Amino acid sequence: MSAAERFLEVRDVVKHYGAIRAVDGVTFTLAPGEIVGVIGPNGSGKTTLFNSILGQIRPTSGSVAFRGEDVTGMAPLELARRGVGRTFQTLQVFGQLSVRDNLIAAAQEFQGSMIRRMFAAPDAGVGRRADEMIELFRLGHVADLKAGTLSYGQQKLIDIAMAFMPAPRLVLLDEPCAGVNPSLVEELRELLVTLNRTQGGSFVVIEHNMDFIMKLCPHVICMVEGKVLAEGVPAEVQANRAVLEAYLGN
Amino acid sequence: MKAGIKLVLLGAAILALAASALYLKRSDVYLLSLYAVYLMATFGLNLTVGYAGQMSLGQAAFFGIGAYVAAILLKLGWPFLLVLLVAAVVCFLVGLALGFPALRVQHHYLAFATLGFNVLVYLVMRNEEKITGGTYGISAIPRPTILGVDLNGHVAYYWFTLGSLVALGALLWWLLRSPWGRAFAALRDNPIRAESLGINITAYTLLAFAIGAACAGVGGVYFASLVEFIEPGPFHFSTSLMMLLAVIVGGQGRFFGPVVGTIVIILVPELLRSSSAPWLKFMQVWYLAVFGVGVVLLMVWLPGGLLSIPERFARKAGKP
């Protein structure tokens, strides 16, 4: 396997909750700049897989390597410092902070040491980048409002923009389209394509919106009952009989 | 309102407070000095509770530690500024240690952990007579002379305390405007998200407690020199409850929240009690009951504190 393919290497990851095998031996790799989609019915273990990769929970067995380093069970803080970002299935913004402050908070900790940040300018030197992201995500009209007062769709956009603020090498997006107005879904897909092209990171995307994921991801993994049921190019996975049965039943 | 105008108004208010000492009775100047020292502690508590979202019912313990460190060292002849530094560092370190439970528990569990700490410190103050004087306390605590200026007089000491309060407030304002302030707010609003964005929630949680504790320790030093006699009573956990009340009543997480809240817990009860107006005579007996009812009503109708009143009106008027 080439070094490029080992950018993210998830090998035989298992997560048990008592007798329940939420994730059951999942293996996949991700190359730099690649976008991989993860689909599957509710309860198929997608978010548990994400949390196992991202250190929110420690896998029962298996390993996760990022850029050749074993990061299995590594704390989210350490992963963030290595350039791994994420969004969550539910909204996770800083409700009492303004939209602009949410974006600055998302990147400020990567600007020098803690002591240096205490003496830094209030925007920690990332204010301009925050303004660029605000423009890219078309949040200019609400930039100074508290994030918690905005609509679900707007908060979802803030949530995604925050994940990209520190220009991460790898981003794991958990259901980015959930709760987003259907008219915004295509716009969101274009934004992610733009970010992938301009920032060059790799993405893993969990999503139930098939149209969105089939257009965005050149490679798709379908999980059912904690296992990888099928993977490949979107058309192949979509046509896979086992995948159809998993979604639609026999 | 523009920032420049706000600054001018703030400066005028501080000058008016300073000038008022020339016209007020000695007891009123003492009361204002007491307000200033308590405000140092509630400013710190607002950082811990209001900005960083931690719960603390132990602020009076740090206030007490600062006061006892001052009483002991000032009587040994240490210079005031050095005592101030030692008290702040001691409280910072003890606050750092008290922050560790916050890494494991939150909300009411943390409230009880910090309350337990306050009870422990209170018992040490009461029982370790060789160090603290026990229930007899420590008397004849000297007031400082700084750069040759004798601060023994009630007005001079009030001005010194007020000036120190302004300096502490400016320092906290600067800190909360820095990226640290935003990190504290991120920790309060969503610690899981904060950690995923590289914010070291362990460090910021500990710092929130340590800085808050240091502020209370500084307040304690000024308190000891103000009252010139200390015993464990003022550092009971009930004082911690009143300090928390000050933060919440004023508006937690708002910089000037404690300024208003500390008026409510220190000045209002005293003004009610000592009121000589005929129609307020009943207050001399009923002031605590009126105070209690007022607090209940405030909590029900203004959970965001007194400083949230303009926002409440703006919301009713349909403004964002």
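The values are calculated or read from the model by the stated rules, or taken from the named source; none is laboratory data. If you're wondering where the values come from, they're calculated on a predicted model, not measured in any experiment. Every residue, glycine as well, gets a Cβ built from its backbone with ideal geometry; the counts of neighbours run over all protein chains shown. Side chains included, ligands, DNA and RNA excluded: accessible areas come from the protein's heavy atoms. Shrake-Rupley method; radii C 1.70, N 1.55, O 1.52, S 1.80 Å.
Quick one: accessible area per residue over the protein assembly as shown, 1.4 Å probe, rounded to a whole number of Å²?
On the way: 25640 Å² over 570 residues.
With the other protein chains kept in place, the protein assembly as shown gives 45 Å² per residue.
Computed over chain B, relative contact order equals 31 percent, with contacts defined as Cα pairs under 8 Å that lie 6+ residues apart.
Partners of B:Lys130 within straight-line reach, counting lysines whose Cα lies under 22 Å from its Cα and excluding those fewer than 8 residues away in the same chain: B:Lys75. Debye-formula intensities of segment B:12-236, expressed as log10 I(q)/I(0) at q = 0.18 Å⁻¹, are -1.25 (one equal scatterer per alpha-carbon, no solvent). Taken over the C-alpha atoms, chain A has Rg and Dmax values of 18.3, 63 angstrom.
Counting only lysines at least 8 places from B:Lys25 when in the same chain, those with an alpha carbon closer than 24 Å to its own are B:Lys281.
Near the amide H of A:Leu172, within less than 5 Å, lie the amide hydrogens of A:Gly85, A:Arg86, A:Thr87, A:Val204, all on another chain or at least 5 residues away, with H placed in the peptide plane.
Helix A:127-136 and the longest principal axis of the Cα set of chain A meet at an angle near 50°.
Placing unit charges on the Cβ atoms only, positive for Lys and Arg and negative for Asp and Glu, gives chain B a dipole magnitude near 880 debye about its Cα centre. Using equal-weight Cα scatterers in the Debye expression, the normalised intensity of the protein assembly as shown in log10 at q = 0.08, 0.13 Å⁻¹ is -0.65, -1.25.
If each DSSP helix of 4+ residues adds -39,500 (n - 2.57) and the sum is divided by the residues in chain B, what number results at 222 nm, nearest 500 deg cm²/dmol?
On the way: 15 runs with 224 residues, N = 320.
The per-residue figure over chain B is -23000 deg cm²/dmol.
Averaged over the residues of peptide A:90-96, the number of Cβ atoms from other protein chains lying within 10 Å of each residue's Cβ is 5. So which of A:Lys146/B:Lys2; A:Lys15/A:Lys215; A:Lys146/B:Lys316; A:Lys46/A:Lys146; A:Lys156/A:Lys227 end up more than 25 Å apart by C-alpha? Distance filter (> 25 Å) returns A:Lys15/A:Lys215; A:Lys46/A:Lys146; A:Lys156/A:Lys227. Subtracting the Cα-Cα distance of B:Arg273 and B:Leu171 from 0.36 nm times their residue separation leaves 33.3 nm of extension gain. Our coupling estimate for segment A:35-48, obtained by passing each phi through the Karplus curve with A = 6.51, B = -1.76, C = 1.60 and θ = phi - 60°, is 10, 10, x, 10, 10, x, x, 4, x, 8, x, 5, 5, 5 Hz, Gly and Pro reported as x.
Let's see if you can work this out: charge +1 on each Lys and Arg Cβ, -1 on each Asp and Glu Cβ, no other charges. What is the dipole magnitude of chain A about its Cα centre, in debye to the nearest 20?
Magnitude of the dipole: close to 520 debye.
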